[in-house]
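The next block holds one structure in the form of structure tokens; read it before the comments.
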Amino acid sequence: MPVTYVSTAEAIARDGLRMVVVPGVPSPWGEAAKGILHVKGIDWVAVRLAYDDPALKDWAGSRSGPVAVFAQEPPRAGWAEILLLAERLAPDPALLPADAAARALAFGLAHEICGEQGLGWSRRLQLIHLGQQGAGGFHPKAAAYLGRKYGYTPAAGAA
């Protein structure tokens with residue numbers, strides 16, 4: 001599915017599903033959200049994350065991405081909230097088990113990968129650490145910005 005981008009003003013005026021995404025880089029969380037919508041066959045439009053756009057921050061409630069906004073519902077910025085929205089909008093194919101125990105296990109495993117202090121989060125801190133040490137990872141300017149945004153400390157990065 002090709003991604004259609006609209007301006008912040010167009011996104012606010014539209015109905016349906018809009019999602020703020022980071023432009024120019026394949027953000028793991030954004031790519032995962034796009035993948036969920038693709039598998040579900042859900043139509044959506046993209047809004048480029050612009051850190052200097054106050055209207056976007058007011059509407060999306062965040063200076064981050066992805067943030068999914070459906071109709072006039074509140075914005076959803078967390079991986080679980082975006083997944084649950086997609087499950088509601090397109091129940092088939094189901095991405096979560098119907099059985100409660102299996103569903104709890106799926107959410108637990110997903111949190112360990114996608115959640116704060118999970119695998120993805122820890123890998124990002126590691127790449128920030130490498131960038132700040134001049135040993136690879138993120139470009140030093142990106143590492144400095146991301147470090148402030150995600151609570152990087154040298155101890156967390158080294159761990």
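The values are calculated or read from the model by the stated rules, or taken from the named source; none is laboratory data. This one's a predicted model, so the numbers in the text were calculated from it and none came from an experiment. Note: ideal-geometry Cβ built from the backbone for every residue, glycine included; neighbour counts use all protein chains shown. Each accessible area value is taken on the protein alone, full model and side chains, heavy atoms only, with ligands, DNA and RNA left out. Shrake-Rupley method; radii C 1.70, N 1.55, O 1.52, S 1.80 Å.
222 nm [θ] for the chain, helices only, -39500 (n - 2.57) per DSSP H run of 4+, per residue, to 500?
-15000 deg cm²/dmol
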Subject >> Of I36, P54, L96, farthest towards positive along the dipole that unit charges on Lys, Arg, Asp, Glu beta carbons give the range 18-137 >> reply: P54
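Please calculate how many Å² of accessible area the range 35-109 carries per residue, with a 1.4 Å probe and no DNA, RNA or ligand atoms counted.
Dividing the accessible area of the range 35-109 by its residue count gives 53 Å².
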Original post:
What is the percent of Cα-Cα separations in the range 1-77 that go past 22 Å?
Top reply: 12
Subject >> Relative frequency of Cα-Cα separations exceeding 23 Å in the range 55-159, percent >> reply: 45
